[in-house]
Amino acid sequence: MNKHILDEAVQDYINANLTADVNQIALAKSPFENISSAELAGQITAKKKSEKKLPTWFKSKGIYYPMALSIEQTSSEITAKYKSKLAIGDQLIDLTGGFGVDSYYFSKSLKEVTHCEINADLSEIAEHNAKALNANNIKFKALDGIELLKLMDSVFHTIYVDPARRAEKGKVFMLKDCTPDVVSNLDLLLSKAKRIIIKTAPLLDLTAGLNELKSVSEIHIVSVKNECKEILWILEQDAESETKIFAVTLNDSEKCFTFLKSETEVSAEFTDEINEAQYLYEPDAALLKSGAFNLIGQRYKLKKLHSQTQLFTSSSLNKEFPGRIFKINKVYSTGDLKKLKNLTGNVIVRNYPAKPEELVKKYKIKPDQEKFLIFSKIGNNENIIINAEIVQYY
């Protein structure tokens, strides 16, 4: 950590060049004696990446940024704030602290947080920033979190861990392929805290995760703007036999679809006909990840279009639904579409035998962000095209 970067003149330079070409800055001579051009470019790049993801850090004075990859890998503020509600008790240890975003939000709801980070430089950066943000109840340890747990006699109320995918494994992974290996250390973790929170990427299959773990009381699938961001696994010493699943959408308001895993074994009601003035419902990515396809329809009193299409319809509008809602203006058959001219709309394909770009070219469809042409099927296997306008994005 080069503390000269925190000098007022350097900070002014970084802020003045947030829209500049960082490649030119990296290649040019540094205007500061104790700071390289590469360091300046790195600070600017990382700060720019923080603007929307980490607005508290971006707007605060005296923040020191790590390499841009650390910003890309860290939790966003909106998801970190949600996680902070899942911790219990007064004391939490974050075994994989990183840039410190999760620890910061945990510190706002708990009395004491211990931040572990094996990378000493990143640990120092996180500690400096915590002081700049007046988060004075976080203790920093530049150590391997698992190894520290093994040495400590003390017990925490909550343990939080965000295992990193090992580089050689690429995008295909299971929990045992991550570092730290929480699967091999489950007994240790459960002996050191009443509640364990494990964060994983949304790629992890729920069934595979349940097969690897034990004592899973809850699974929280978190999405932002219809993009699944992370899965949170809650492990507890006295967990009940059946896991509770939360599909959570964090947008202008928080919506949560909660169910027991056994509740997914329900049948759907299908429709063979769609009428104008009805509404079309498309579940958020978190709901789709949860696997509760038929339960969604049952809970919200919706009829499903097709067994292979996660689209639903209803004659009534329910804005509590977590996902997109469209107002249906017209329903076409494939034959109808061939006769129409000057088609406009944003093309969406759901279980239809063609790709969006092929349909745009074939029917000469012009783009229109407010209108939608949704190509799909209904219960009798008939191909249909729904002309609709969006009522709710999230």
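The values are calculated or read from the model by the stated rules, or taken from the named source; none is laboratory data. Since the model is a prediction, treat every value here as computed from it, not as a measurement. Note that we place each Cβ from the backbone using ideal geometry, even for glycine, and neighbour counts take in every protein chain shown.
Values computed for the structure shown
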read-out: In segment 281-303, residue farthest from Lys327 (Cα to Cα) [restricted to those that are polar (S, T, N, Q) and in contact with a helix residue (DSSP H, G or I) (Cβ under 8 Å, 6 or more places away or on another chain)]; value: Ser290
read-out: Positions within segment 225-241 being surrounded by fewer than 20 Cβ atoms within 10 Å (Cβ to Cβ) and part of a strand (DSSP E or B), in sequence order; value: Glu227, Glu236
read-out: Only listed residue being at pLDDT below 95 and either within 23 Å of Lys229 (Cβ to Cβ) or crowded, with 18+ Cβ neighbours inside 10 Å (or both), chosen from Ala285, Ala292, Ala277; value: Ala292
read-out: Segment 60-79 residues that are outside the structural domain of Glu117 (by TED's automatic domain parsing), paired with ones that are surrounded by fewer than 20 Cβ atoms within 10 Å (Cβ to Cβ) and in a loop (DSSP other than H, G, I, E, B) (beta carbon under 7 Å, 6 or more apart); value: Ser60/Leu133; Tyr64/Met1
read-out: In segment 96-114, residue nearest to Ala142 (Cα to Cα) [restricted to those that are assigned to a loop (DSSP other than H, G, I, E, B) and among the hydrophobic types (A, V, I, L, M, F, W, C)]; value: Phe99
read-out: Residue match in segment 297-309 (condition: outside any loop (DSSP other than H, G, I, E, B) and either free of Cβ contacts under 8 Å to residues at least 24 places away in the same chain or aliphatic (A, V, I, L, M) (or both)); value: yes
read-out: Matching residues in segment 200-224 - criterion: being aliphatic (A, V, I, L, M) and either assigned to a strand (DSSP E or B) or within 25 Å of Ile78 (Cα to Cα) (or both); value: Ala201, Leu203, Leu204, Leu206, Val216, Ile219, Ile221, Val222, Val224
read-out: Test: residue in segment 178-199 that is under 22 Å from Leu287 (Cα atoms) and in a helix (DSSP H, G or I); value: no
read-out: Residues (crowded, with 19+ Cβ neighbours inside 10 Å and either among the β-branched types (Val, Ile, Thr) or modelled with pLDDT of 95 or more (or both)) located in segment 375-391; value: Phe375, Ser376, Ile378, Ile384, Ile385, Ile386, Asn387, Ala388
read-out: Test: residue in segment 150-163 that is among the aromatic types (Phe, Trp, Tyr) and farther than 21 Å from Leu110 by Cβ; value: no
read-out: Residues that are over 30 Å from the mean Cα position of the chain (by Cα), within 22 Å of Phe99 (Cβ to Cβ) and acidic (Asp, Glu), drawn from segment 1-58; value: Asp7
read-out: Residue tally, condition surrounded by 17 or more Cβ atoms within 10 Å (Cβ to Cβ) and basic (Lys, Arg), over segment 1-48; value: 2
read-out: Any hit, segment 60-69, residues being touching a helix residue (DSSP H, G or I) at 6+ places or on another chain (Cβ under 8 Å) and loosely packed, with under 12 Cβ neighbours inside 10 Å; value: yes
read-out: Search result, residues across segment 91-131 that are out of contact with any strand residue (DSSP E or B) (no Cβ under 6 Å at 6 or more places or on another chain) and either surrounded by fewer than 21 Cβ atoms within 10 Å (Cβ to Cβ) or outside the structural domain of Ser154 (by TED's automatic domain parsing) (or both); value: Lys108, Ser109, Lys111, Ile118, Asn119, Ala120, Asp121, Leu122, Glu124, His128, Lys131
read-out: Any hit, segment 326-348, residues being crowded, with 18+ Cβ neighbours inside 10 Å and either out of contact with any strand residue (DSSP E or B) (no Cβ under 8 Å at 6 or more places or on another chain) or touching a residue at least 60 places away in the same chain (Cβ under 8 Å) (or both); value: yes
read-out: Residue selected from segment 132-166 under the condition closer than 17 Å to Val182 by Cβ and small (Gly, Ala, Ser), by the criterion surrounded by the most Cβ atoms within 10 Å (Cβ to Cβ); value: Gly145
read-out: Those helices (runs of 4 or more DSSP H) lying entirely in segment 43-95 with at least 2 residues modelled with pLDDT of 95 or more and not charged (D, E, K, R); value: 55-59, 77-84
